[in-house]
Amino acid sequence: MEPAEIVQHSGGVIGVSWLTIVLPLLGAAILLLGGRRSDRWGHFLGVAMSLASFVVAALVFFELLGLGADQRRRLVQLYEFLPAGTVDVKLGLLLDPLSISFALLITGVGSLIHIYSIGYMAHDPDRRRFFAYLNLFVAAMLLLVLSDNYLGLYIGWEGVGLASYLLIGFWQHKPSAAAAAKKAFVVNRVGDMGLALGIFVIFTTFGTLSFGPIFSHASQASQGTLTLIGLALLVGACGKSAQLPLQSWLLDAMEGPTPVSALIHAATMVTAGVYLVVRSGAIFEGAPTAQLVVTIVGVATLLAGAIIGTAKDDIKKALAGSTMSQIGYMMLAAGLGPVGYAFAIAHLIAHGFFKASMFLGAGSVMHAMNDEVDMRKYGGLASVMKITWITFGLGYLAIIGFPLLSGYWTKDGIIETAMEHNAILGWLAVAGAGITGFYMSRVFFMTFHGERRWDKDAHPHESPAVMTWPLIILSIGSVFGGAFLIAGNRFMEFLAPAVGRPEEMPSFQPFSLTGLVTLALVAVGVVYAWLKYGRSAVPAVAPRGSFLTVFARRDLYGDALNEALFMRPGQWLTRLAVFFDNRGVDGLVNGLAALIGGTSGRLRRVQTGFVRSYALSIFFGAALLVGAWFVVGNL
Amino acid sequence: MPWLSILMGVPVVGALAVAAVPKGNAKLAKQLTLAVSLVVLALTLVMASQFDPSGPRDQFSEVHSWIPSFGVHYAVAVDGIALVLIALAVVLVPIVVLASWHDADQPEAKRSVKTYFALILVLEAMMIGVFAATDIFLFYVFFEAMLIPMYFMIGSYGGAQRSYAAVKFLLYSLFGGLLMLVAVIALYTVAGKGTFLQPELIGVIKDPATQKWLFLGFFIAFAVKAPLWPFHTWLPDAAAQAPAGAAVLLVGVLDKVGTYGMLRFCLELFPDAAKFFTPLVITLSVIGIVYGAIVAIGQTDMKRLIAYTSISHFGFITMGVFAMTANAGSGATLYMVNHGFSTGALFLLAGFLINRRGSQYIEDYGGVRKVAPILAGTFLIAGLSSLSLPGLSTFVSEFLVLIGTFQRYAVPGVIALSGMVLAAVYILWMYQRMMTGPTAEKVKAMPDLNLREKFVVAPLIALLIGFGFFPAPLLNVINPAVEQTLTSVQAPQFTPAVPATAEKKGPGQ
Amino acid sequence: MTTHYLVLSALLFAIGGVGVLVRRNAIVVFMCVELMLNACNLAFVTFARQHGNLEGQIIAFFVMIVAAAEVVVGLAIIVTIFRTRRSASVDDANLLKY
C-alpha cells in the first residue's frame, strides 16, 4: 500500500510544532551570547529547553495518534525560504509517524543525556558552552527529521555536522580532539557532497524539493535517474552514518566527551543516514540496484564494525565499532523495502536506548576511574558500581539479542527479513550477530568482572544520582522497547502511513531456524568471551595478536587506506599546486613583466647623449623614409 | 530626488572635509569619516526602502549630457543587482572604518592618517558610482578611477612588500582596463548610435564576429578584476600586503565589479558571444574553484589563504553568471553580496589577530581559543560562512549557483561540488592550527576582542546568520533584475524531466 | 622654371645636413641647422609661387619666427656651455643621456 497523503495543517499543537526546533535553538543562542554571565544557570536552561522540546514533541505525537491512521501526515508551512526563479522552497515541517518517532527519540534520549551531562561535566569550566552545543545539536537534528523538503533536511544535516564538529572538538586544547573534529567534518562533507548531488538530480528531475510531490511522482522518473539519486543519497547516508567507506571518522569521534558519543555518535545523529534512506523509500523502491547497494553497504559495515569491536581496548572505541555495526543492520533493513523500514526504525529506536545506556554507563565508569578508557585497567567494577553494572548489563543483554529484550525483537526481525530477501545477506547478518555476542561480552567482562587491574590512584565509586537516573530510565527502554514496538506489529502499523504498508505483515516466530542459529552463535560468542576475558587473566598490555587482531585493531586499515589514497596524494597535489601557482602562473606574469623591463633597459642605452649620433639616426631615418617612399611609389 | 548623486556626493564632500582636518587631529578625522559613512549607509537604506522590486528595472534614474560631442552621459540608475551591491559597499565601509581605526597610525609608517580615511571615502563614492553607472563610458571612468585610491591604500599603508603588490595590482588592472577601453570605443563606433548608454546598446551589435571581439575586450578586463583563473595572481599579493580594511574593500567590493560587469555588460550586450564562450568560461571557473581551494590549503600566510579562498569563490560566481539560468544568476548575485560579508569578516578578524601577534603566518599561532574565545568563535563563524555552512547566508548563494548550474551543466556542477570538501579542509585546518591545541607561548597574553572590535564583527555575523535563514528580502530584489537580464540574453527556460508541482495530488487523485 | 630653385633648395639642405653631421663646433652645427631651415623656406616659397597661392609664404614666415626664437635660446645655451666648459664641441657635452 502506498503511504498516506500529506495534508496541510494549521492549529493545534501540530501547528506550533516548530517550537520543538526553535526552543533548543533559542537555548543555544542564549547560552552562546550570554557568555560567562550564564555559567551558573546555563546547564539548567539547556536541560529545560531540551525537555520543553520533548514535551512539545510528545503532545504532537498524541495529537497525531488522535487522528485517523490515514490522516497522520500533516504539513505545517513555516515561511518562504528561497524565492528564486524555479527553485521555490517554502520551509515546512512534515509531521508523520516516521518523523515524530525520530523527534521523540531525539528529544527523549537527548533530554536524558542533557541531565546526565549536568553531573558528567560538573567540573568542566566550559559546561555552559557544552550545553549550548548540545542544544544546537538537538535543534539541527530535529530540523533534519521534521523538514518537509530536501533543502531543510540538508540544512539540518550539515547543522548536526557542525554540532558534532564542535562537540568532538570540545576539548580543543587536546590536539587529538581538534584533529578528530576536523576529520569528522571533512569526511562528513564528502558524504554531504553526495547528498547535495542527490538533491540536484532530484531538482532537475522533479523541479521541486518537497517530499510529497517528489515521492508521488517518483514512479514516473526513469530507473536510471532514480538509481543515480539513490546512490548519491546513499553516499550522504554513508558519511553521516559512518558506513563503509566513509566510516573512518566515527572511531576518532570518541575524542569528544562521553555524553556526546552517547547522544550524537550512537543514539541519534549517526542514524540520520537510515532516516534518509527510509524517508526516500519511494525513490529507492524504484531503483532496485540502489537498494541492493544499500544492503551490501549495510552488511559490509555490520561485519566491519563488529570485527573492529573485537580488538579495541578503549571502551568507547569498542562501543563505537558496535555502533557502526548496529547501524549496518539498520542500513541493511532500510534497503529491504517497507517491512525492512519498520524493523530498521524499530532497531534504531531500541539501539538509541541501549547504546545510549551503555555509552553513558561507560561514561560513568570513566568518571569513576579518572577518565581512564583502557579496559585493560578496569575489571571487577561490578561490586563497586552496582547501578552502572546493572544498567550497562541490561543494555549489553539487549544488544546481543538476549531473548525478549529489545535487541532480540528488532535485530531478529532484520535478520529474518534479510534471509527472506537474500540468503547470503541473511547469513552474513547472522554471523555479525555472533560476533556481536563475543565483542560485547568482552567489553562487559573486561570492565565489570574478572580481577581488578586498576591504576594505584583509582578509587572507583558510583556516580551521582543525576547521572544514574538517566541510566536507569534508558535501561528500562532497552529492556522493554523492542517488545513494545515489534509485538503484534504495532510499530509497523504505526509507520505504515509514512513509509507504506508491506503487502503482508510479517508474523513473528520466536523459534524459527534462523532465530535459533543466531541465538546459538551468540551463546558461543558469549561463552568464548567469558573463557577468555571473564575467567582467565587479562594481560595489562595488549598482546601483539595474530594479523587478524592487528587488522581489526587498526580499524581494518581504513585510516591507512585513506592516508595512502587521499591524504598523501592530496598533500603532494597541494604542494604542487602552490609551486605551480608561484612559479608557473605568477612566474609567467612576473616573467612577462621582467621581459618588458629588461628590454626597455637595453633599449635605453641607445640614448648616448651625443648629439651627432642622434643626428645620424635622424638622417638614416629620413633616408629610410624617403627610400621607402620611392620604393612604394614605384610599385 | 537624485538619490544616487547624493550618495556619491556625500562621501566626496566628506573626503574633502576629512582632508581639511588639521594634521595633528587624527581622531577627529576618523570620527568624521565614520559619521559620513554612516550617513551614506542611512541614505542608502532610505533609498532601498523606496525601491520597488516589481517596478521598472532601472530606478532612481538620472541622465545628464556630459560630453555631447561623443554622446557621453552622466547616467546613473540602479536595478536590483546594482542596488544590493551598492548596499554591500555602503555597509562594509563604516565597518572597515571602525576596524581600521588604528591601522594607519603606526609610527614607523610616517603616513598621514587622515589621508587614509579620506581615501576610503573617495573609494566609497567610486564604488557607488561604478555600480550605478548606466553609461558605459562613465562606468569605464569609475572602473579605472577606483584603482587610484586603492593603489595608494596598498602602496602607502600596506605591509613589507607593499609597493610590489600595489604596482602589480595597478598594472594588471590597467592592462585589463585598456583592453576594455578599446572595446568601449569600438562598441561606440560599430554601434553607430552616437551614445554610450547601456540600455540603448542592448541588441545593437548583431554581427557574431564583432560580438566575439568586443566580448573578449570586456571579458578580459572583468576576468582580471574578478579575478578568474589564470588572471588571479595579483590578488593574493595585493590582499596580503594591503591593510586588512583595504583588503576587505578590495576583495569584498572592488572585485565584484568584475563579476557584476560580466552580468551587466558581457551577457546583455553580447549575448551570442557570451553563449559561444560559455564552455570556456565555465571551464575556467571550475578550474578556479578547485585550483583556488587546493592552493589555499597549501598557504602558510592566512591573508594569502583567504585571498585564495576568494579565487575559489569567484569561480562559483562566474560559473553562476555564465550558467545563464535564473537560479544560478540569482545565486551568483547573492554570492557577490554574501562573499563580501563573509570574506570581510575573515579579513578583519585576521587583521585583528595580526595586530595582536604581529605575524600573518599561521604557524605563529596556536591555541588562541583558550585565551581569546570570542575572537576564535567569531573567526570560526566567519570561516564556516566561507565553507558555506547551511544557516549562514553563503550557503544559500552557493546552493543556488550549484543547483542552477547543474540544470544545464551537470559535469561542471559535480566537479564544483568538490569545492565543498576542499573548503572544509582549508578553513578547518587553518582553524585547527591557529585556534586549537596547546596555547603557543607568544599568544598567551593575547587579549580578546575589545568593544570596538566587537562592533566591527557583530553586524557582519548578524547579517550572515540573518540572511542565512531569511534570504528572501535580498532574493526578492535580485530575482526580477536577473530574470530581465536572462530575457535580454534569451536564455532557454529550465524544465524538469518529471514536473512534480506541489499543487498536484498524489497518484490516484 | 621653378625647378632651379628647388634644386638650389635641395643643395642647400644637403650642405646643411652634412654640416650638422660632420662638424663638431656647436656654432657651426647651429649655422648648418639654420641653413637647412632656410633651404626649407626657399622650397616653401618656390612651391607657393608654383601653385599660385600664399600658403607657402605664410609658412615661411612661421619658420623664420621659430628660427629666430630658436637662435635666441640655442645661442644662449651654447654660450653658457662654452663659459663653463671652455669648449664649444658638441661631442664634449653628453650628460643628457639614458
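With respect to residue A:602, is the statement that it is within 14 Å of chain C (Cβ to nearest Cβ), among the charged types (D, E, K, R), under 30 Å from residue C:16 (Cβ atoms) and assigned to a helix (DSSP H, G or I) true?
no
Looking at (1) farther than 18 Å from residue B:292 by Cα; (2) more than 14 Å from chain A (Cβ to nearest Cβ); (3) touching an Asp or Glu at 6+ places or on another chain (Cβ under 9 Å); (4) surrounded by 24 or more Cβ atoms within 10 Å (Cβ to Cβ), find the lone condition where residue B:357 falls short.
The one condition residue B:357 does not meet is (4).
Would you be able to say whether some residue in region B:448-456 is out of contact with any Ser or Thr (no Cβ under 7 Å at 6 or more places or on another chain) and facing another protein chain (nearest Cβ under 10 Å)?
Checked against the condition, which is being out of contact with any Ser or Thr (no Cβ under 7 Å at 6 or more places or on another chain) and facing another protein chain (nearest Cβ under 10 Å), region B:448-456 yields no hits at all.
So if I check each of B:416, B:382, which one is crowded, with 24+ Cβ neighbours inside 10 Å and within 23 Å of residue B:432 (Cβ to Cβ)?
Result of the check over B:416, B:382: B:382.
If residue B:370 satisfies every condition in (1) outside any helix (DSSP H, G or I); (2) modelled with pLDDT under 90 but one, which is the exception?
All conditions are met except number (1).
Could you list, in sequence order, the residues of region A:379-394 that are open to solvent by less than 60 Å² (accessible area, probe 1.4 Å) and under 14 Å from residue A:467 (Cα atoms)?
Of everything in region A:379-394, those that are open to solvent by less than 60 Å² (accessible area, probe 1.4 Å) and under 14 Å from residue A:467 (Cα atoms) turn out to be A:385, A:388, A:391, A:392.
Condition first: more than 10 Å from chain A (Cβ to nearest Cβ) and assigned to a helix (DSSP H, G or I). Now tell me which residues in region B:398-429 satisfy that.
The answer is B:401, B:411, B:412, B:415, B:416.
Hey, which of the helices (runs of 4 or more DSSP H) in region A:440-556, taking only ones fully inside, have at least 3 residues that are more than 28 Å from residue A:105 (Cβ to Cβ)? Step through it out loud before you land on a result.
On the way: elements: A:465-486, A:490-499, A:513-529, A:547-553.
In region A:440-556, the matching helices (runs of 4 or more DSSP H) lie at A:513-529, A:547-553.
List the number of the failed condition for residue A:456; all other conditions in (1) within 16 Å of residue A:365 (Cβ to Cβ); (2) modelled with pLDDT under 85 hold.
That leaves (1) as the condition not met.
Look through B:333, B:300, B:325, B:309 and report the one residue that is of a type outside the set (A, V, I, L, M), under 12 Å from the mean Cα position of the chain (by Cα) and either open to solvent by 10 Å² or more (accessible area, probe 1.4 Å) or within 14 Å of chain A (Cβ to nearest Cβ) (or both).
Working: B:300 fails: under 12 Å from the mean Cα position of the chain (by Cα); B:325 fails: under 12 Å from the mean Cα position of the chain (by Cα); B:309 fails: under 12 Å from the mean Cα position of the chain (by Cα).
B:333 is the lone residue from the list that is of a type outside the set (A, V, I, L, M), under 12 Å from the mean Cα position of the chain (by Cα) and either open to solvent by 10 Å² or more (accessible area, probe 1.4 Å) or within 14 Å of chain A (Cβ to nearest Cβ) (or both).
Suppose we filter region A:310-335 for residues that are surrounded by fewer than 24 Cβ atoms within 10 Å (Cβ to Cβ) and either at positive phi or not in a helix (DSSP H, G or I) (or both); how many remain?
Total meeting the criteria: 2.
Hey, can you tell me all the residues within region B:54-87 that are within 17 Å of the chain's Cα centre (by Cα) and open to solvent by 20 Å² or more (accessible area, probe 1.4 Å)?
Once the filter is applied, which keeps residues that are within 17 Å of the chain's Cα centre (by Cα) and open to solvent by 20 Å² or more (accessible area, probe 1.4 Å), region B:54-87 yields only B:87.
Could you please give the count of residues in region A:1-57 that are part of a helix (DSSP H, G or I) and among the polar types (S, T, N, Q)?
Total meeting the criteria: 4.
Scan region A:97-127 for residues that are surrounded by fewer than 24 Cβ atoms within 10 Å (Cβ to Cβ) and over 22 Å from the mean Cα position of the chain (by Cα) and report the count.
Number of matching residues: 10.
Go through region A:170-276 and tell me which helices (runs of 4 or more DSSP H), entirely inside it, have 1 or more residues that are surrounded by fewer than 24 Cβ atoms within 10 Å (Cβ to Cβ) and facing another protein chain (nearest Cβ under 9 Å).
Those helices (runs of 4 or more DSSP H) span A:175-206, A:211-217, A:223-241.
Can you spot a residue in region A:527-544 that is of a type in the set (Val, Ile, Thr), at pLDDT 80 or above and either within 26 Å of the chain's Cα centre (by Cα) or closer than 22 Å to residue A:397 by Cβ (or both)?
Checked against the condition, which is being of a type in the set (Val, Ile, Thr), at pLDDT 80 or above and either within 26 Å of the chain's Cα centre (by Cα) or closer than 22 Å to residue A:397 by Cβ (or both), region A:527-544 yields at least one hit.
From the residues in region C:46-61 that are surrounded by 12 or more Cβ atoms within 10 Å (Cβ to Cβ) and among the polar types (S, T, N, Q), which one is farthest from the other protein chains (Cβ to nearest Cβ)?
C:57
Being open to solvent by less than 20 Å² (accessible area, probe 1.4 Å), under 22 Å from residue A:499 (Cα atoms) and either among the hydrophobic types (A, V, I, L, M, F, W, C) or at pLDDT below 85 (or both), is that true of even one residue in region A:7-15?
Looking through region A:7-15, at least one residue is open to solvent by less than 20 Å² (accessible area, probe 1.4 Å), under 22 Å from residue A:499 (Cα atoms) and either among the hydrophobic types (A, V, I, L, M, F, W, C) or at pLDDT below 85 (or both).
Scan region A:356-366 and give yes if some residue there is surrounded by fewer than 24 Cβ atoms within 10 Å (Cβ to Cβ) and assigned to a helix (DSSP H, G or I), otherwise no.
Yes, because at least one residue in region A:356-366 is surrounded by fewer than 24 Cβ atoms within 10 Å (Cβ to Cβ) and assigned to a helix (DSSP H, G or I).
Filter region C:62-93 for residues that are open to solvent by less than 60 Å² (accessible area, probe 1.4 Å) and not in a helix (DSSP H, G or I); which is farthest from residue C:37 (Cα to Cα)?
Within region C:62-93, the match that is farthest from residue C:37 (Cα to Cα) is C:87.
Residue B:90: over 28 Å from residue B:195 (Cα atoms) and either surrounded by 19 or more Cβ atoms within 10 Å (Cβ to Cβ) or of a type in the set (Phe, Trp, Tyr) (or both), yes or no?
Values: over 28 Å from residue B:195 (Cα atoms): yes; either surrounded by 19 or more Cβ atoms within 10 Å (Cβ to Cβ) or of a type in the set (Phe, Trp, Tyr) (or both): yes.
Here the answer is yes, as residue B:90 does meet what is asked.
Go over the candidates C:29, C:18 one by one and state the one that is out of contact with any His (no Cβ under 7 Å at 6 or more places or on another chain), in a helix (DSSP H, G or I), exposed (fewer than 14 other Cβ atoms within 10 Å of the Cβ) and within 11 Å of another protein chain (Cβ to nearest Cβ).
Being out of contact with any His (no Cβ under 7 Å at 6 or more places or on another chain), in a helix (DSSP H, G or I), exposed (fewer than 14 other Cβ atoms within 10 Å of the Cβ) and within 11 Å of another protein chain (Cβ to nearest Cβ) holds for just one of C:29, C:18, which is C:18.
Considering only region B:195-255, give the helices (runs of 4 or more DSSP H) lying wholly within it that have at least 2 residues that are within 14 Å of chain A (Cβ to nearest Cβ).
On the way: elements: B:198-201, B:208-225, B:234-241, B:244-249.
Helices (runs of 4 or more DSSP H) meeting the threshold: B:208-225, B:234-241.
Would you mention how many residues in region A:233-279 are of a type outside the set (A, V, I, L, M, F, W, C) and closer than 15 Å to residue A:188 by Cα?
12
Can we say residue A:620 is out of contact with any Phe, Trp or Tyr (no Cβ under 6 Å at 6 or more places or on another chain), modelled with pLDDT of 90 or more and within 14 Å of chain C (Cβ to nearest Cβ)? Spell out how you get there, then give the answer.
Numbers: out of contact with any Phe, Trp or Tyr (no Cβ under 6 Å at 6 or more places or on another chain): yes; modelled with pLDDT of 90 or more: yes; within 14 Å of chain C (Cβ to nearest Cβ): yes.
The answer is yes for residue A:620.
Between residues in region A:67-92 that are part of a helix (DSSP H, G or I) and residues that are at pLDDT 85 or above and buried (at least 20 other Cβ atoms within 10 Å of the Cβ), which pairs lie under 8 Å by C-beta distance while being six or more apart or on different chains?
So the pair list comes out empty.
The values are calculated or read from the model by the stated rules, or taken from the named source; none is laboratory data. Quick caveat: nothing in here was measured; it's all calculated off a predicted structure. Neighbour counts run over all protein chains shown; Cβ positions are idealised from the backbone, glycine included. Remember, those area values only see protein heavy atoms, side chains included, never the ligands or the DNA or RNA. Shrake-Rupley method; radii C 1.70, N 1.55, O 1.52, S 1.80 Å.
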